[in-house]
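Input: a single structure, listed below in structure tokens.
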Amino acid sequence: MLMNILKYRPLWYALSGALIATSIAFVAIFGLKFSIDFTGGSLLSVRYTDTRPTAIEAGQVLAELGLGGTVIQPVGEKDMNIRMQTLDEGMHQQILTKLKDNYGEITELRFDSIGPVIGQELRVKSFYALTIVFIAILIYIGWAFRKVSVPVQSWKYGLVTVLAAMHDVIIPLGVFALLGKLFGTEIGSPFIAAILTVMGYSINDTIVVMDRVRENLQKTTGTFHEIVNRSLNQTIARSINTTITTLLALVAVYLFGGASIKDFALALIVGIVSGAYSSIFFAAPMLVSLYDLGKRLKARKQ
């Protein structure tokens, strides 16, 4: 017996709309906390062997070196992240020496320094990369589905795929805006890599459904609604199984991987869950809605 997934289109649209609206609200209200990859500056991560000083105490020590405007964030029990203006190697070593002299032995975990011009360039290039990917997807899928232009024009397959990918990009952005507000989670190059990966995963998931629709249009009979619903039932198990196996690996990476890869894994987890949902409950129903809209517009013209 087939599940009538399309029957509950209003529910799926309401859920997607709520998730997207909430994500956009989080971004608008909290903003995105960019890492030095995009803002420029220096990031120093250290681990204290003995008692870790408070952020205020560490800030006072750095102020003695003439470093103002530093952002100090304790991490875990012994670690500390220090964001500050762009440093040269000499000042970098002075900071390490000063911290050791005041608070005992420390281990440097990470030091990155990026100029503001390079940071701005990375932001612009990341935006261009995402835009070009969306356009390329729309063009390619429109071409790939050119032989199935009835009863829905081929470019609409590309449109719903792009909309689903945008759905799966916006939701992780909202989650990271909230995490940035609550825990200081930053968006850097690993996040952009994760988003591009999520887009690829989302598109692949959606294409599997659309391709099954294309096959069934050529091989089976029934209304467009029936064919799309049949296609969804034929692919939903595959989508769920693929998502679960992928999530098992990602959760392991998040739990046991290093600190530098946790945000990357988290963005993938959120995006892939969203992608599994959107390919079944957003993209395909949207294709049917576009079909219905086209029929109504055609009827009005007649």
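Once both labels are modelled 7 Å past Cα along the beta-carbon direction, what's the K7-D88 spacing in nm?
About 7.3 nm, to one decimal.
Determine, for each peptide in 180-192, 279-291, the mean count of other beta carbons within 10 angstrom over its residues, then list the peptides with the highest first.
Final packing ranking: 279-291, 180-192.
Sketch the reach of a paramagnetic label on R110 as a point 7 Å from Cα along Cα-to-Cβ, and name the residues of region 159-195 whose backbone nitrogen lies under 11 Å away.
Counting only backbone N, you get 186-191.
What's the angle, to the nearest 10 degrees (0 to 90), between helix 189-219's Cα axis and the longest principal axis of the chain?
The angle comes out near 10 degrees.
Pop out the Kirkwood hydrodynamic radius of region 145-302 from its pairwise C-alpha distances, inverse of mean 1/r, in Å to one decimal.
16.9
What is the projected area of the convex hull of the Cα atoms of region 41-114, averaged over all directions, in nm²?
Approximately 4.2 nm², given one-decimal rounding.
Reported to two decimal places, what Rg/Rh ratio describes the chain when computed on Cα atoms with Rh from the Kirkwood expression?
Ratio of gyration radius to Kirkwood radius: 1.11.
Placing one identical point scatterer on every Cα of region 243-298 and ignoring solvent, what is log10 I(q)/I(0) from the Debye formula at q = 0.14, 0.31 Å⁻¹?
Summing over Cα pairs of region 243-298 leads to -0.51, -1.09.
When the Cα centres of region 1-32 and region 33-96 are compared, how far apart do they sit, in Å?
Centre-to-centre (Cα) distance: 40 Å.
Got the relative contact order for the chain handy, in percent, Cα pairs under 8 Å and 6 or more residues apart?
Once divided by the residue count of the chain, the mean separation gives 23 percent.
Pop the C-beta distance of A299 and E121 into the FRET formula with R0 = 45 Å and round what comes out to the nearest 0.05.
About 0.30, to the nearest 0.05.
Can you flag which of K156/K298; K78/K100; K147/K219; K147/K295; K33/K262 are past 18 Å Cα-Cα?
The answer is K147/K295.
Give me the one-decimal nm value for the distance between modelled label points at A14 and W155, 7 Å along each residue's Cα-to-Cβ direction.
The modelled label-to-label distance comes out at 3.4 nm.
How far is helix 9-30 tilted, in degrees, relative to the longest principal axis of the Cα atoms in the chain, given as a value from 0 to 90 rounded to the nearest 10?
Helix 9-30 sits roughly 20 degrees off the main axis of the chain.
Return the distance in nm (one decimal) between the two label points of a simple spin-label model at L247 and T223, each offset 7 Å from Cα along Cα→Cβ.
Calculated label separation equals 3.3 nm.
Which of these, A165, A28, A63, has the largest mean-square fluctuation under a Gaussian network model of the chain (Cα springs below 10 Å)?
A63
Would you please give the FRET efficiency between R47 and A193, computed as 1/(1 + (r/R0)^6) with r the Cβ-Cβ distance and R0 = 22 Å, to the nearest 0.05?
Efficiency at R0 = 22 Å is approximately 0.30.
Bear in mind these aren't lab numbers, they're just calculated from the coordinates by the rules spelled out. Keep in mind that this is a model prediction, so the values were computed, not measured. In this analysis, Cβ positions are derived from the backbone assuming ideal geometry, glycine residues included, and neighbour counts consider all displayed protein chains.
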